[in-house]
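Student: Here it is, the structure, as structure tokens.
The values are calculated or read from the model by the stated rules, or taken from the named source; none is laboratory data. Treat the numbers as computed from the prediction; the structure is a model and nothing was measured. Cβ placement follows ideal geometry from the backbone for every residue including glycine, while neighbour counts extend to all protein chains displayed. Heads up: the accessible areas ignore ligands, DNA and RNA and are worked out on the full protein's heavy atoms, side chains in. Shrake-Rupley method; radii C 1.70, N 1.55, O 1.52, S 1.80 Å.
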Amino acid sequence: MIQQENMKIISQQQLAKDIYELTLEGEMVNTMKEPGQFVHIRTNPGLDPLLRRPISIASIDKEYNRFTVIYRAEGKGTKLLAMKSADGVADVLGPLGNGFPLNEAKENQTALLVGGGIGVPPLYELSKQLNAQGVRTIHVLGFETADKVFYAEQFALLGDTFITTVDGTSGTKGFVTNVIDEHQFSFDILYSCGPTLMLKALEDRFSDRKAYLSLEQRMGCGIGACFACVCHVEDNPNGYIKVCSDGPVFPIGKVAL
Amino acid sequence: MIQQENMKIISQQQLAKDIYELTLEGEMVNTMKEPGQFVHIRTNPGLDPLLRRPISIASIDKEYNRFTVIYRAEGKGTKLLAMKSADGVADVLGPLGNGFPLNEAKENQTALLVGGGIGVPPLYELSKQLNAQGVRTIHVLGFETADKVFYAEQFALLGDTFITTVDGTSGTKGFVTNVIDEHQFSFDILYSCGPTLMLKALEDRFSDRKAYLSLEQRMGCGIGACFACVCHVEDNPNGYIKVCSDGPVFPIGKVAL
Amino acid sequence: MDRLRVELPGISLKNPVMPASGCFGFGKEFSQLYDLSLLGAIMIKATTFEQRFGNPTPRVAETAAGMLNAIGLQNPGLSGVMTNELPWLEQFDVPIIANVAGSEAEDYVEVAKQISTAPNVHALELNISCPNVKKGGIAFGTVPEVAYELTKRVKEVSTVPVYVKLSPNVADIVSMAQAIEEAGADGLTMINTLLGMRIDLKTGKPILANKSGGLSGPAIKPVAIRMIYEVSQKVNIPIIGMGGIESVDDIIEFIYAGASAVAVGTLNFTDPFICPKLIEQLPAKLDELGVNHISELVGRSWK
Amino acid sequence: MDRLRVELPGISLKNPVMPASGCFGFGKEFSQLYDLSLLGAIMIKATTFEQRFGNPTPRVAETAAGMLNAIGLQNPGLSGVMTNELPWLEQFDVPIIANVAGSEAEDYVEVAKQISTAPNVHALELNISCPNVKKGGIAFGTVPEVAYELTKRVKEVSTVPVYVKLSPNVADIVSMAQAIEEAGADGLTMINTLLGMRIDLKTGKPILANKSGGLSGPAIKPVAIRMIYEVSQKVNIPIIGMGGIESVDDIIEFIYAGASAVAVGTLNFTDPFICPKLIEQLPAKLDELGVNHISELVGRSWK
Ligand SMILES: Cc1cc2nc3c(=O)[nH]c(=O)nc-3n(C[C@H](O)[C@H](O)[C@H](O)COP(=O)(O)OP(=O)(O)OC[C@H]3O[C@@H](n4cnc5c(N)ncnc54)[C@H](O)[C@@H]3O)c2cc1C
Ligand SMILES: Cc1cc2nc3c(=O)[nH]c(=O)nc-3n(C[C@H](O)[C@H](O)[C@H](O)COP(=O)(O)OP(=O)(O)OC[C@H]3O[C@@H](n4cnc5c(N)ncnc54)[C@H](O)[C@@H]3O)c2cc1C
Ligand SMILES: Cc1cc2nc3c(=O)[nH]c(=O)nc-3n(C[C@H](O)[C@H](O)[C@H](O)COP(=O)(O)O)c2cc1C
Ligand SMILES: Cc1cc2nc3c(=O)[nH]c(=O)nc-3n(C[C@H](O)[C@H](O)[C@H](O)COP(=O)(O)O)c2cc1C
Ligand code: FES
Ligand code: FES
């Protein structure tokens, strides 16, 4: 059930350059399903900005009815969101979309989680849940530069974690694919979220593997009604999916990137 | 010198139904001249709402670099202003316009101050300054209803004060003119601020007296550049004044109401 | 509540509030949020003869108090709408207004003919004003003679009343409306989007893959009000007004301007519960304005 | 700073930022706030042959991310401007663009002829697009043939280059621009305001005494960008862009779209120091974008 809720802001803190972590509390948390779902946040009452912002759920705490998002404050909406302080409220629509299928990874198997920039957050809840069901996780996380890296320690607690930065200021210099090509990890399943170029690079390498990719598109409604976020599917000129309601997570090879 | 300043909010408090009193601190206070001047406040950063709101200066405290405005939170802008809390800042343009001429009232003379609704605030600083220079003040203040009355005690400390309400729930039932017609006050000079209908009623009675009226108009710039706030002058079809920069205070009979 | 009921050609509305075409799909998604029978009507997404994928993405961009869209009339085509969407909507007690689009006059005529026979389609909305389709499209909505011809041909085949949706991208909206009235239209819906563009600061190129798109939302409300004010005084057919509605005050403003009912588009994205919320708030607003029935307010700005 | 200098017909601009006509009076008020010599140019308020009082008040109304105005071309008339305003402006090192308006073609011609002789008037801006004057006015800006004729006649008498200001209230902005270019215009300025209206909820009547007015501000920016993008690809004369500019990013967006310089209108009311602020911020923006000179960015969205 999609709900709209004025959720209580429990905490807001800056994690890295332009990167914020926001924890919200409310009934909506009860209805959150797999990791990889997202919420659509109204960053300001009034008309400026007018549209909601889609942000992935980064971790869920069902016991306290809380969940956390991690976002980059870059444009108008996210900058306003970053100015909200604890004890305020945030207007949230969610949970939206379909996340990463957990049951595709079996106990004692290994999952490779590959994240890029603000695609990293949803992998955190995913990793927690995979580990909880006995799946080993390897994390390869790519960032622009050292002062934009976040959650490296948190991921390290859950499994082997490799950081890359474009400028080499932290971890391996280059892209996530540099680490992946170098280490030739053996894994049973791949989950990824990040910029389309990164997803493409993974598709080039792993199109024959069991893998799930989370996509991004500019959105209007976020619930499947406006057709803003469609993508063509591979091998069917008339087929299409909506990232917001059919996704954002799809099996590798399904969507034309 | 007109300045734009992000002024510190010292206090914000509700005085009556929808009526708020806001005290601001900053350098601009140094340049405030006569009572009756106004400031143009940006009630929200961003584009919603887009225009500033003109609000009269209600009292000035040069010692602490502070001044106070009293306003009705009714529309979008003033409602946002009412939500600001102490320790925040407000973007203020001012001081603007020309206020009530104080030196037209001589020591030991009597001034009749007539205010209607949100026209009352500028009369408070005026009354303080008149009393300071030895002028006796009589205040006739009109409101809609009892729970919208404000500053009755403050004015009473400065001189005889008569309250009217349209519905009779406080003071005399009716309009300021009811009190004025009944009491036939003797006075040397009249100052007034309030709705145009009230000013017209005063003009009908006192056009031959020494009197100054403060006018209202919808404004764009507030500084005389956009020609939003013009009024015709009496007896000259080509003449006009701008309320924002030539006024808002004018001698009675000058402007076609 | 009968004080909100509005009777228009073909459609008896419980209340004057409906979602605007293209902002509500075919209702499925919103039906998960609230009971669609609460709505005055539903304007479904544009239907074309063939199914269409629409334009490449990005298809939307935000603007000050508004947004641009260049969806490009994505829809499952006439047969898809007739077999899947409309029958599904029959479970709700709500009249459907079918938005009809095409590239050639023939497309409009064929879609109108068939879709008007669906049991829950109570009226058509001729979309002669979509700025996002390369062929045809815009000319239908900017040249009065072309609009006249098309309306006439559609009227001949439609079994339900025909409303024509006006484009605001014209110098003279009144002649357009009058030509359409003369052609026999039963009503007007206005306005569609203004043509606009945004450029991405990073790439230097238009944000929308289609380059330009339709501007909607509160930003365009003053244009809509002005056009409805002008047109309602010059035609005798009713107007369903739209363009940036976000509050009951906005609804009243449209009705004062001369609209008989209203549609909410973009704001469904900002607040997906907006339609039922506004419907709920309307009676109190009528009390505040001291009127018994909403229809008393129609055109009050010029009457 | 020469990286901001822009050379346009008749006007050599220190930087590409100027206040838009009608939002800056004749400069006196803003001269109390900052040194007018900082500006690239000044577009002064419309001048008509006779002095005009303009429309009754209220003349302005706020809208979502915008405002309506119906000032009605209040100005002291040609002789007032020539004797008082222009000589006073001579103390500043800033070229003046004189906005010329009228009800009849003769008015335009007469004003253009005389005002172009003032020493600090470096160019004219023909205001054929003011929506707030009953007579003439709007037709000049919506019918290409009429615009052509007027431009031609003004070009014949003007001793300085002539820019023509386009109205956005047309279906086809490109034909309008092309007709004006053909008539010999030296440049275009765009856009003027969109025609809009707001209704007062309390009275039920239009807020503006003039009923409708011109919509300006950030709300209309996407319309301006789209029109400049279209026109700049089809004409060979430069464009001064305007419509809702509020940031350096907006300036860059206009220049990417195809404008060579820009004007700021409504935002002068929200932030009276906006012009010098934007001018100050521009060089850092050029650094960020990795270009040396602002002109490198002109039309980048389609080049
Ligand atoms: C399913 C999904 C999940 C996401 N999860 C996260 C997350 O967990 N953390 C995070 O930081 N970001 C996430 N993003 C990206 C995030 O939505 C954008 O960064 C954000 O909307 C930009 O808003 P703004 O106010 O900063 O920018 P503005 O420039 O003000 O945005 C203007 C408009 O463009 C849209 N837009 C701009 N950039 C993007 C983008 N990259 N993707 C989609 N829309 C965009 C905005 O939503 C808005 O409508 C996610 C996007 C999607 C689609
Ligand atoms: C010189 C002057 C001094 C004033 N002093 C005070 C004061 O001390 N206290 C006070 O409460 N009010 C005062 N007002 C009136 C005050 O400016 C308006 O009540 C206020 O602008 C309304 O804004 P809003 O956000 O509530 O309404 P909205 O409806 O959101 O306003 C929309 C637009 O209309 C304008 N507007 C609406 N009503 C008025 C009005 N009555 N006068 C002028 N513009 C209006 C707004 O400024 C804005 O541009 C003064 C007005 C002027 C001209
Ligand atoms: C995403 C989107 C898609 C739209 N699709 C259609 C459409 O298919 N047919 C149509 O007639 N109008 C369409 N419109 C226009 C709306 O129905 C409406 O006329 C316009 O958006 C103005 O109303 P608003 O400001 O409330 O959105 C669309 C608008 C949006 C924002
Ligand atoms: C109050 C006001 C008065 C204006 N007067 C004129 C005018 O006299 N002549 C003219 O050509 N344009 C006039 N305009 C239009 C502006 O010059 C400009 O083209 C338009 O407002 C769009 O720019 P903006 O959104 O930055 O304001 C006026 C605009 C406003 C808001
Ligand atoms: S964002 Fe509206 S359909 Fe996906
Ligand atoms: S408000 Fe602009 S001239 Fe008075």
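Student: Name the single residue that is farthest from the other protein chains (Cβ to nearest Cβ) among those in the range C:64-76 being more than 16 Å from the chain's Cα centre (by Cα) and open to solvent by 10 Å² or more (accessible area, probe 1.4 Å).
Tutor: If we take residues in the range C:64-76 being more than 16 Å from the chain's Cα centre (by Cα) and open to solvent by 10 Å² or more (accessible area, probe 1.4 Å), then C:P76 is farthest from the other protein chains (Cβ to nearest Cβ).
Student: Given the conditions (1) within 17 Å of the chain's Cα centre (by Cα); (2) within 16 Å of ligand 6 (Cβ to nearest atom); (3) in contact (Cβ under 8 Å) with a residue 40 or more places away in the chain, and given that D:K28 satisfies all but one, which numbered condition is not satisfied?
Tutor: Of the numbered conditions (1) within 17 Å of the chain's Cα centre (by Cα); (2) within 16 Å of ligand 6 (Cβ to nearest atom); (3) in contact (Cβ under 8 Å) with a residue 40 or more places away in the chain, the odd one out for D:K28 is (1).
Student: Still on this structure: Which of the residues belonging to the range C:27-51 are charged (D, E, K, R), more than 15 Å from ligand 5 (Cβ to nearest atom) and either over 18 Å from C:D271 (Cα atoms) or in contact with a Cys (Cβ under 8 Å, 6 or more places away or on another chain) (or both)?
Tutor: Passing the criteria: only C:E50.
Student: Looking at (1) surrounded by 24 or more Cβ atoms within 10 Å (Cβ to Cβ); (2) in contact with a Gly (Cβ under 6 Å, 6 or more places away or on another chain), find the lone condition where D:N55 falls short.
Tutor: Result: D:N55 passes all but (1).
Student: Might you check whether a residue that is within 16 Å of ligand 6 (Cβ to nearest atom), open to solvent by less than 40 Å² (accessible area, probe 1.4 Å) and within 25 Å of B:H232 (Cβ to Cβ) occurs anywhere in the range D:96-103?
Tutor: Scanning the range D:96-103, I find no residue that is within 16 Å of ligand 6 (Cβ to nearest atom), open to solvent by less than 40 Å² (accessible area, probe 1.4 Å) and within 25 Å of B:H232 (Cβ to Cβ), so the answer is no.
Student: Could I ask something else about it? Scan B:S192, B:S207 and give me the residue that is hydroxyl-bearing (S, T, Y), over 24 Å from B:P95 (Cα atoms) and more than 14 Å from chain D (Cβ to nearest Cβ).
Tutor: B:S207
Student: Collect the residues in the range B:125-171 that are in contact with a helix residue (DSSP H, G or I) (Cβ under 7 Å, 6 or more places away or on another chain) and over 19 Å from B:L202 (Cβ atoms), keeping them in residue-number order.
Tutor: Scanning the range B:125-171 gives B:Y151, B:Q154, B:L158, B:T169, B:S170.
Student: Looking at A:L158, A:L141, which is the one that is surrounded by 15 or more Cβ atoms within 10 Å (Cβ to Cβ), touching a strand residue (DSSP E or B) at 6+ places or on another chain (Cβ under 7 Å) and closer than 19 Å to A:S214 by Cα?
Tutor: The conditions single out A:L141.
Student: Additional query: Determine, yes or no, whether C:S260 is open to solvent by less than 20 Å² (accessible area, probe 1.4 Å), polar (S, T, N, Q) and more than 8 Å from every other protein chain (Cβ to nearest Cβ).
Tutor: No, not satisfied.
Student: Can you report the number of residues in the range C:45-95 which are within 26 Å of C:Y34 (Cα to Cα), part of a loop (DSSP other than H, G, I, E, B), in contact with a strand residue (DSSP E or B) (Cβ under 6 Å, 6 or more places away or on another chain) and of a type outside the set (D, E, K, R)?
Tutor: 5
Student: Ok, one more. Kindly evaluate B:E234 against the criterion of being among the acidic types (D, E) and within 16 Å of ligand 2 (Cβ to nearest atom).
Tutor: For B:E234, the condition - among the acidic types (D, E) and within 16 Å of ligand 2 (Cβ to nearest atom) - is not met.
Student: Out of C:S31, C:S12, which single residue is more than 13 Å from ligand 3 (Cβ to nearest atom), polar (S, T, N, Q), within 14 Å of chain A (Cβ to nearest Cβ) and surrounded by fewer than 23 Cβ atoms within 10 Å (Cβ to Cβ)?
Tutor: Result: C:S31 is the single residue among C:S31, C:S12 that is more than 13 Å from ligand 3 (Cβ to nearest atom), polar (S, T, N, Q), within 14 Å of chain A (Cβ to nearest Cβ) and surrounded by fewer than 23 Cβ atoms within 10 Å (Cβ to Cβ).
Student: Return the total of residues in the range C:34-44 being within 13 Å of chain A (Cβ to nearest Cβ) and either touching a strand residue (DSSP E or B) at 6+ places or on another chain (Cβ under 9 Å) or of a type in the set (V, I, T) (or both).
Tutor: Qualifying residue count, the range C:34-44: 4.
Student: Looking only at residues that are within 14 Å of chain B (Cβ to nearest Cβ) and buried (at least 24 other Cβ atoms within 10 Å of the Cβ) in the range A:49-78, which one is farthest from ligand 6 (Cβ to nearest atom)?
Tutor: Among them, the one singled out is A:L51.
Student: Would a scan of the range C:229-246 turn up a residue that is farther than 23 Å from D:K221 by Cα, within 16 Å of ligand 2 (Cβ to nearest atom) and either aliphatic (A, V, I, L, M) or surrounded by fewer than 24 Cβ atoms within 10 Å (Cβ to Cβ) (or both)?
Tutor: Scanning the range C:229-246, I find no residue that is farther than 23 Å from D:K221 by Cα, within 16 Å of ligand 2 (Cβ to nearest atom) and either aliphatic (A, V, I, L, M) or surrounded by fewer than 24 Cβ atoms within 10 Å (Cβ to Cβ) (or both), so the answer is no.
Student: Name the single residue that is nearest to the other protein chains (Cβ to nearest Cβ) among those in the range A:14-48 being of a type in the set (D, E, K, R) and open to solvent by less than 40 Å² (accessible area, probe 1.4 Å).
Tutor: A:D48
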